[in-house]
Amino acid sequence: MRLSLFENYKTEKVNQSFVKNFSLSKSTVATIWKDRDSIISAYEKNINGCRRLRKAEKVNVEEALFKWFTLQRSRNLPIADAILQAKGNEFAELFEDKSFVCSNGWLDRFKKRHNIRSGKVVGEAASVCSSDINRWIENAWPDIIRNYDEKDIFNTYETGLFYKLTPNQTLKFKGEKCVVGKLSKVRKTILVYANVNG
């Protein structure tokens, strides 16, 4: 509703029709109009569901942690709450802020302010190009199988216990796809296979 106030009324004059159309008191409309820049900024940052815009108390820690988080996500590195919390405390020490503790409550509010959600990491999607796969299946695969009998064409599936993998949950920006690059291949392996005939 607040954004429609700014769209419909471009002048700073708060008139009776304005107050009547939105069923608000003149002082409420005046306050919203006065804070319009911060309201529009919050909307553009996609802060959904917030009834009240709260500013961070520890601005240095907040900015440093957000920049660090943004950098790690640009590298597709998975980040858990505990990692973000530890990094927040590390920045507090760096800025010599003895009163700051990156509590669960502070972390939850930090994530809300920056639209950070938890999401599942979906394998090695960042290292695979689907158009290359489709092109290979259409162009190369028919030429490869042309000279073989069905009993000589095998499909294999490799599975195993990956015991050096990073977590499959990470913190991310709302709407961001969670992908990582190459994952650790240290594992115990089983190879399952069958030919086209079964």
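Per-residue answers, yes or no, for (1) within 19 Å of Thr170 (Cα to Cα); (2) of a type in the set (Phe, Trp, Tyr); (3) within 24 Å of the chain's Cα centre (by Cα):
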{"site": "Phe66", "(1), (2), (3)": "yes, yes, yes"}
{"site": "Phe91", "(1), (2), (3)": "no, yes, yes"}
{"site": "Arg113", "(1), (2), (3)": "yes, no, yes"}
{"site": "Ile153", "(1), (2), (3)": "no, no, no"}
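Does any residue in region 106-117 that is within 12 Å of Glu63 (Cα to Cα) come within less than 6 Å, Cβ to Cβ, of a residue that is assigned to a helix (DSSP H, G or I) and at pLDDT 90 or above six or more places away or on a different chain, and which pairs are these?
Filtered contacts from region 106-117: His114/Phe66.
Scan region 93-110 residue by residue and report those that are among the aromatic types (Phe, Trp, Tyr), out of contact with any helix residue (DSSP H, G or I) (no Cβ under 6 Å at 6 or more places or on another chain) and more than 13 Å from Leu171 (Cβ to Cβ). Give the derivation first.
Filtering region 93-110 for residues among the aromatic types (Phe, Trp, Tyr) gives 95, 100, 106, 110.
If we keep only those that are out of contact with any helix residue (DSSP H, G or I) (no Cβ under 6 Å at 6 or more places or on another chain) as well, we get 106, 110.
Trp106, the sole residue that qualifies.
Can you tell me how many residues within region 74-105 are at pLDDT below 85, in contact with a Cys (Cβ under 9 Å, 6 or more places away or on another chain) and basic (Lys, Arg)?
The qualifying residues number 0.
Which of the residues that make up region 63-87 are touching a helix residue (DSSP H, G or I) at 6+ places or on another chain (Cβ under 7 Å) and not in a helix (DSSP H, G or I)? Lay out the reasoning, then the answer.
Within region 63-87, the first condition is being touching a helix residue (DSSP H, G or I) at 6+ places or on another chain (Cβ under 7 Å), and the residues that meet it are 64-65, 68-69, 76, 79, 81, 84-85, 87.
Result: Asn76, Ile79.
The values are calculated or read from the model by the stated rules, or taken from the named source; none is laboratory data. Being a predicted model, the structure only gives us computed values, none of them experimental. Quick reminder, even Gly has a Cβ in these numbers, built from the backbone with ideal geometry, and neighbours come from all protein chains shown.
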